1. Determine one quarter of the surface area of the Cα convex hull of segment 139-232, which equals its mean projected area, and express it in nm² to one decimal.
2. For every helix of n ≥ 4 consecutive DSSP H residues, a contribution of -39,500 (n - 2.57) applies; sum these over the chain, divide by its total residues, and give [θ] at 222 nm rounded to the nearest 500 deg cm²/dmol.
3. Carbon and sulfur atoms: what percent of the 1.4 Å accessible area of the chain do they account for?
4. Using Cα-Cα distances under 8 Å and only pairs 6 or more residues apart, what relative contact order does segment 1-136 have, in percent?
5. Hey, can you grab everything whose amide H is under 5 Å from the amide H of Gly213? Only 5+ residues off in sequence or another chain; H modelled, so Pro and N-termini drop out.
6. Ratio of Rg to Rh for the chain, alpha carbon only, Kirkwood?
7. Which cysteines in the chain lack any other cysteine whose Cβ sits under 4.7 Å from their own Cβ?
8. Mind listing the phi-derived Karplus ³J(HN,Hα) values for segment 78-85, rounded to whole Hz, using 6.51, -1.76 and 1.60 with θ = phi - 60°, and x for any glycine or proline?
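The values are calculated or read from the model by the stated rules, or taken from the named source; none is laboratory data. All of these numbers come straight from a predicted model, not from anything done at the bench. With ideal geometry, Cβ positions are generated from the backbone for all residues, glycine too; neighbour counts draw on all protein chains shown. Heavy atoms of the whole protein, side chains included, go into the accessibility calculation; ligands, DNA and RNA do not. Shrake-Rupley method; radii C 1.70, N 1.55, O 1.52, S 1.80 Å.
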Amino acid sequence: MRVVVLTGAGISAESGVPTFRDADGLWEGHRVEDVATPQAFDADPGTVHRFYDARRAALAGVEPNPAHVALAELERALGPDLLLVTQNIDDLHERGGSTAVLHMHGRLLSALCAECGARCPWEGPMITAGPCALCGVAALRPDVVWFGEVPLGMDRIQAALERAEVFCSIGTSGAVYPAAGFVQYARAHGAGTVELNLVPSEGTHHFADARHGPASQLVPAWVDEVLSEVRA
Ligand code: BV8
């Protein structure tokens, strides 16, 4: 069975990673224009680096939850027939056992050189980073996709959505495009669609099946359903 799964901040909420738009969301701490745009970084790189350095440091204090673990079990069963796309920049899918994760909005544990485009793994604060190891220019930035920038892996995602038999969206508000449009694209190509979210998302009406509750309960149950179908 060919499956595409899209995850958002809600899948990491029960691990203790704040979401963006819930009452205590990250954006509450900052206006999104202040931190997640190239203009914001050019205008005030220190504030943007502090925002991402704090989130990178917070990763050490969180653990994957049963939803991440269940998706890793799904990957072991489906192999290349599963495409797991995440809007999240944390590493909880990988720490939960997934090995093939497409981070369409980039990753906290990576640095990007704005001068030469080189990427390198990054653990600690980036605000104190030296020059790029490849080109020598002091142009390192968080390897994340800001508003107005092109998400990563779009060709691969589009091809998978066109072939998918099932599209499942987990823990996302459906507020940010192009991710929020994946359900319509998948449905237009004949996929079954299911939303697993704490509350109905902005796009819930596009889903043939919408289930509401915590991901740590809904995702393992949904994965069990898929596995029993695949193994039948
Ligand atoms: C692009 C950076 C062109 C990394 C992020 C006007 C109309 C429509 C679109 C636009 C427009 N003006 C501009 C645009 C485009 C813009 C956009 O969509 N803006 C929005 C605000 C209107 N998009 C872009 O600029 C994108 N680029 O369009 O380029 C293009 C397009 C296609 C092809 C080629 C070129 C770039 C978008 C990326 C922006 N970067 N982050 C970082 O800092 O993390 S977005 C940011 O929001 C995060 O990446 C996050 O992933 C994303 C979405 O948020 P969610 O993950 O959904 O989190 P949220 O808090 O919103 O929701 C959490 C959900 O979980 C809630 O529903 C909650 O109920 C649920 N939940 C909570 N707890 C649980 C739970 N569910 C289950 N269990 C729980 N326990």
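1. Values: hull surface 30.7 nm².
In nm², the orientation-averaged hull projection of segment 139-232 is 7.7.
2. The per-residue figure over the chain is -10000 deg cm²/dmol.
3. Percent of accessible area from carbon and sulfur atoms in the chain: 54.
4. Value for segment 1-136: 25 percent.
5. For Gly213, whose amide H was placed from the backbone, the distant partners under 5 Å are Asn197, Leu198, Val199.
6. Values: Rg = 17.7 Å, Rh = 18.2 Å.
Rounded to two decimals, Rg/Rh equals 0.97.
7. Taking the Cβ cut-off of 4.7 Å, the unpaired cysteines of the chain are Cys120, Cys168.
8. Working through the residues one at a time gives 9, x, x, 6, 10, 10, 9, 10 Hz.
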